[in-house]
């Protein structure tokens with residue numbers, strides 16, 4: 001590739017106008033020449049000339065350069081690009097707008113926060129701020145398995161291998177930390193129910209007896225039989241989980257959560273229903289589901305089939321039932337190791353922080369208004385997340401597990 005060709009690709013990359021064929025070619029070239037001083041200088045020069053003249057500070061240019069190189073290193077193999085949506089998460093370009101400002105930093109790829117009312121600045125996460133003297137590590141893979149005899153097994157520090165025998169089913173923990181069920185063939189003479197519960201600051205993945213996969217978010221639980229029998233496969237959820245259901249047209253899959261039931265054939269979807277959230281949201285990525293509010297006194301219940309990309313939201317006691325287009329990336333960001341917000345208020349953000357970092361959030365004075373958008377890795381410490389948010393004008397105080405929004 002000539003210098004002229006590279007500069008042309010680079011400028012169009014910064015303008016987000018590369019074609020699907022050109023993007024992998026450009027990233028592969030970066031990967032092969034990542035130690036080239038000339039390459040870095042070319043990128044720096046392009047940044048100065050390419051509508052980013054405000055980035056005169058050398059450290060800011062270095063941040064963008066490092067982010068570009070991170071995408072080159074982590075780029076999707078060409079064979080997979082046709083089946084994945086094109087989404088660039090390795091860095092965000094500084095752009096000025098009347099109603100929004102972008103705060104950018106690099107941490108395990110990238111994070112950024114946009115505040116509708118803030119002034120553009122870079123969040124380095126390095127300054128010392130009053131009130132933020134401690135820190136809390138992010139959550140991780142940990143859960144409690146309650147067996148059919150009411151005994152419990154801690155899953156976060158249990159090695160791979162056989163955990164228990166439940167009727168005709170072996171309960172296993174795999175090398176990758178997943179919980180799996182291996183049901184023996186033949187007649188099912190004993191069905192027991194198990195429950196996997198994640199604490200605040202925990203998450204876990206379960207492979208059900210039928211091969212369906214379930215990712216549990218923090219502060220959630222899933223109750224399910226050790227073997228599926230009869231006319232349907234039923235599980236009960238609290239909190240949030242992402243499902244990839246094994247197809248079995250002769251035995252539909254059902255998720256029960258509070259007063260909502262989700263009927264499934266074979267599909268990918270997310271269900272979120274925390275006690276401190278106003279809505280139970282069912283978001284469909286693939287396939288088809290029917291979401292129903294269960295009948296209550298004086299109410300016959302409601303139901304509707306939703307299509308991929310839609311979300312059904314049901315209020316407590318079925319007071320509200322709406323179906324609308326969903327922000328899929330934000331909904332499943334937690335499963336992909338991210339916090340991702342799209343014009344979220346501070347209370348929505350803080351509820352997620354409470355669950356993942358196992359802290360208690362309080363508000364001193366009026367709750368800050370405004371809406372925030374951005375992406376932060378969930379493997380980030382609480383202190384770093386708070387420092388990024390502070391760049392958008394918020395202030396916090398952290399004392400042990402008590403987090404105050406000032």
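Here are the numbers:
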| read-out | value |
| --- | --- |
| Per-residue Cβ neighbour rank within 10 angstrom, fewest leading, 307, 355, 256 | 307, 256, 355 |
| Mean Cβ count within 10 Å, highest first, over the residues of peptides 21-29, 377-385 | 377-385, 21-29 |
| Length added when fully stretched, residue 381-residue 402, from 0.36 nm per residue minus Cα-Cα | 6.0 nm |
| Exposure proxy ranking, count of Cβ atoms within 10 Å, fewest first, for 150, 330 | 150, 330 |
| Neighbour-count ranking [beta-carbon atoms within 10 angstrom, fewest first] of 356, 215 | 215, 356 |
| Estimated FRET transfer efficiency when R0 is 51 angstrom, pair residue 21-residue 307 (beta carbons, to 0.05) | 0.95 |
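Values in this text are rule-based calculations from the coordinates and carry no lab data. Computed from a prediction, not measured in an experiment: that's the story for all the values here. Cβ atoms come from the backbone with ideal geometry, glycine included; neighbour counts cover every protein chain shown.
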